[in-house]
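The values are calculated or read from the model by the stated rules, or taken from the named source; none is laboratory data. The structure displayed is predicted, hence computed values, not measured ones. Virtual Cβ from ideal backbone geometry, glycine too; neighbours counted across all protein chains shown. Please note that ligands, DNA and RNA were not included when accessible areas were found on the heavy atoms of the full protein model with its side chains. Shrake-Rupley method; radii C 1.70, N 1.55, O 1.52, S 1.80 Å.
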Amino acid sequence: MPDSAVAPLETTDFDTAIGRCAIAWRADAVARFSLPRYEPGAGFRGRGETRPVPEPTTGPRAEALTRIRAHLDGDLDDLRWIPLDLTRSPEFHRAVYAVTRAIDPGHTLSYGEVARRCGAAGAAQAVGQALGSNPIPLIVPCHRVLAADHSLHGFSAPGGIDTKSTLLAIERTPGFGEPTLF
């Protein structure tokens with residue numbers, strides 16, 4: 001069997017409440033995730049060898065898809081239990097992703113706060129660059145990282161800032177979606 005770091009990605013497109021997503025696996029670890037795109041399978045072209053596989057009906061992959069769908073339906077799950085393959089990401093990016101993954105649904109941090117938690121105070125721009133190349137949005141919830149003034153800046157996933165706002169509203173993040181009293 002090939003080493004998991006060089007094995008082809010197995011990809012599956014699947015429907016969710018916000019549209020058709022795509023996920024790519026090495027073994028049972030997620031290596032890539034794509035928020036809705038208009039063309040099925042388009043999310044992973046040009047990123048190495050991929051092999052489409054049918055949507056799983058049992059096992060850890062099926063459970064991950066079930067919980068991702070439920071999360072996007074508003075039955076929130078932090079999704080931290082889903083194993084990831086980030087071996088091809090630089091070390092600083094992996095540190096940023098670990099801090100970002102620890103942000104609970106409905107909560108946010110600023111780019112500067114993420115930088116401080118990574119031990120790189122003053123590296124807010126570098127955090128933004130790392131999150132801009134996040135290969136696993138939603139599961140590594142880069143949408144939960146905002147500018148210092150809580151404004152939405154740059155979101156490289158399809159749909160851009162509108163998608164980021166939608167995800168924050170689904171997670172009932174104060175200030176997004178439903179109006180707040182204060």
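Summary of values
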item	result
Top-ranked residue of segment 56-96 - restricted to ones that are touching a Cys at 6+ places or on another chain (Cβ under 8 Å) and more than 21 Å from F176 (Cβ to Cβ), ranked as most open to solvent (accessible area, probe 1.4 Å)	F92
Options R80, R88, R67; residue that is closer than 24 Å to D28 by Cβ and modelled with pLDDT under 95	R88
Close pairs from segment 84-106: first closer than 18 Å to R116 by Cβ and of a type in the set (A, V, I, L, M, F, W, C), partner modelled with pLDDT of 95 or more and open to solvent by 60 Å² or more (accessible area, probe 1.4 Å), Cβ under 7 Å, at least 6 apart	V99/R117
Filter result for the condition that a residue is out of contact with any Asp or Glu (no Cβ under 8 Å at 6 or more places or on another chain), assigned to a loop (DSSP other than H, G, I, E, B) and over 23 Å from T11 (Cβ atoms), over D149, D78	D149
The one condition in (1) under 22 Å from H143 (Cβ atoms); (2) of a type outside the set (F, W, Y); (3) open to solvent by less than 30 Å² (accessible area, probe 1.4 Å); (4) at pLDDT 95 or above that A17 fails to fulfil	(3)
Residue list for segment 37-64, filter: modelled with pLDDT of 95 or more and among the β-branched types (V, I, T)	T57, T58
Candidates P105, P141, filtered to the one that is modelled with pLDDT of 95 or more, closer than 30 Å to T11 by Cα, open to solvent by less than 40 Å² (accessible area, probe 1.4 Å) and in contact with a helix residue (DSSP H, G or I) (Cβ under 7 Å, 6 or more places away or on another chain)	P141
